[in-house]
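Structure record follows, encoded as structure tokens.
The values are calculated or read from the model by the stated rules, or taken from the named source; none is laboratory data. Owing to the predicted nature of the structure, the values given are computational and were not obtained by experimental measurement. Positions of Cβ are generated from backbone atoms using ideal geometry, with glycine treated the same way; all protein chains shown enter the neighbour counts.
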Amino acid sequence: METSTATARPANKYNKRHQSKRKPNFNARYGKLAVYIKICAQAHRTTKQTCCLCLKNSSEEIHHSYYIKPGITKAGLNGFPLCKPCHDIAHLPKNYMVCSRSHWNNKNTPEFHDRLVLGYNLLNISTSSGKQR
């Protein structure tokens, strides 16, 4: 029995088309770019550009453990500076819950979020302890 491949769609075209529809608008997700860049820079400075998960590598990216509402990122609450390998770990299925209804409901597990907060607080305490009061 032969199967016809002439009517089958190429998998890569199908995936690309549907992926582009699913990507959220940057401004809708993170807010104004200039403001988001300032928030990210402040988060990296607060932790002396150190990853909040491994506490040793340089932070390269901001990970959102959950979304408060469109355009809101608060360092140490829902935004955490991470190195690339740890950012990949943050999105593993055992640490990250994907909602099929809306990407706004995607979030880290409570245990993983608590670990990020702990790392951020440890780094924040160590950076603020050097400041004079």
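Give segment 47-73 a look and list any residue that's charged (D, E, K, R), surrounded by 13 or more Cβ atoms within 10 Å (Cβ to Cβ) and more than 17 Å from Ile125 (Cβ to Cβ), or say none.
Within segment 47-73, Glu60, Glu61 qualify.
Scan segment 74-110 residue by residue and report those that are buried (at least 20 other Cβ atoms within 10 Å of the Cβ), closer than 22 Å to Ile37 by Cβ and touching a strand residue (DSSP E or B) at 6+ places or on another chain (Cβ under 7 Å).
Within segment 74-110, Asn78, Gly79, Phe80, Pro81, Leu82, Cys83, Ala90 meet the criteria.
For residues in segment 89-105 being among the polar types (S, T, N, Q) and within 15 Å of the chain's Cα centre (by Cα), which is nearest to Arg115 (Cα to Cα)?
Within segment 89-105, the first condition is being among the polar types (S, T, N, Q), and the residues that meet it are 95, 100, 102, 105.
Those left that are additionally within 15 Å of the chain's Cα centre (by Cα): 95, 105.
On the way: Asn95: 11, Asn105: 20 Å.
Of everything passing the filter in segment 89-105, Asn95 is nearest to Arg115 (Cα to Cα).
Among the numbered criteria (1) loosely packed, with under 13 Cβ neighbours inside 10 Å; (2) under 16 Å from Cys54 (Cβ atoms), which one does Gly119 miss?
Here Gly119 clears every test but (1).
Which of the residues spanning segment 41-86 are outside any loop (DSSP other than H, G, I, E, B) and in contact with a helix residue (DSSP H, G or I) (Cβ under 7 Å, 6 or more places away or on another chain)?
Let us first name the residues in segment 41-86 that are outside any loop (DSSP other than H, G, I, E, B), namely 41-46, 50, 58, 61-64, 75, 79-82, 84-86.
Scanning segment 41-86 gives Thr46, Thr50, Glu61, Ile62, His63, Ala75, Gly79, Phe80, Pro81, Leu82.
Listed here are the residues, each with its yes/no results for (1) at pLDDT 70 or above; (2) in contact with a Cys (Cβ under 6 Å, 6 or more places away or on another chain).
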| residue | (1), (2) |
| --- | --- |
| Lys16 | no, no |
| Asn27 | no, no |
| Cys83 | yes, yes |
| His87 | yes, no |
